[in-house]
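Structure, as structure tokens:
We did not get these values from a lab; they are worked out from the coordinates using the rules stated. Predicted model only: the values in this text are computed from it and were never measured. Here Cβ is always computed from backbone atoms with ideal geometry, including for glycine, and neighbour counts include all displayed protein chains.
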Amino acid sequence: MTVEAARVRGADDDSIEVLLVDDDQYDRDLTTVFLSEQSDRLSITDVSSAAAALELLGDEDSDIECIVSDYKMPQMDGIAFLNAVREETRTLPFILYTGQGSERVAKQAILDDVTDYVEKDVGPEQYEILAERIEKAVR
């Protein structure tokens, strides 16, 4: 399987390598654009599935510093993806970023050692919050 990933580089040498995982192309594009506008430190690589993300993370040259993942995705949801990542590393920041969440999903994410949980919302303010959470998680 070949991983197809789009990458938007941050303008700063001190950039944070973010892996954005979402099966919806429109949401990936929108999130990438708005996050890039919120912080020039964020260098975003996006993929359309948890399987593609795991393949990318398995590459020894991977320099991903934070994962931002949707919850509701086919084949492997965000919680299953979080668990797969946690089997490999407990320290990589993982932010569950979802519009399909619930109290049950948030509780399970916390139990499974998610770094942060951010609900998708309408409006650009959500991207400011997400960018701040990414930078905080990587610090």
- [ ] With the convex hull built on the Cα atoms of the chain, state its orientation-averaged projected area in nm².
- [x] 7.8
Task: Cα radius of gyration and Dmax for the stretch 84-123 (Å) - done: 10.9, 35
Open item on the list: What distance in nm separates the two pseudo spin-label positions at ASN83 and VAL122, each 7 Å out from Cα along the beta-carbon direction?
Closed with: 3.5
Task: Karplus-derived 3J(HN,Hα), 6.51/-1.76/1.60, for each residue of the stretch 124-139, Hz, glycine and proline x - done: x, 4, 4, 6, 5, 4, 4, 4, 4, 5, 4, 4, 5, 5, 7, 4
TODO: Report the label-to-label distance for GLU103 and ASP63 in nanometres (one decimal), using points 7 Å from each Cα along the Cα→Cβ vector.
DONE: 4.4
Task: Karplus 3J(HN,Hα) series, Hz, for the stretch 43-54 with 6.51 cos²θ - 1.76 cosθ + 1.60 (x for Gly, Pro) - done: 10, 10, 10, 10, 9, 9, 8, 5, 4, 5, 5, 5
Task: Inter-site label distance for ASP24 and VAL138 at 7 Å from Cα along Cβ, in nm - done: 2.5
TODO: Round to a whole angstrom and tell me the spacing of the C-alpha centers of the stretch 43-71 and the stretch 79-139.
DONE: 14
Task: Beta bridge orientation in the chain: antiparallel %, DSSP, nearest 5 - done: 15
Open item on the list: Under 10 Å, Cα contacts only: if you run a Gaussian network model on the chain, which one of GLU17, GLU60, GLU88 comes out with the highest mean-square fluctuation?
Closed with: GLU60
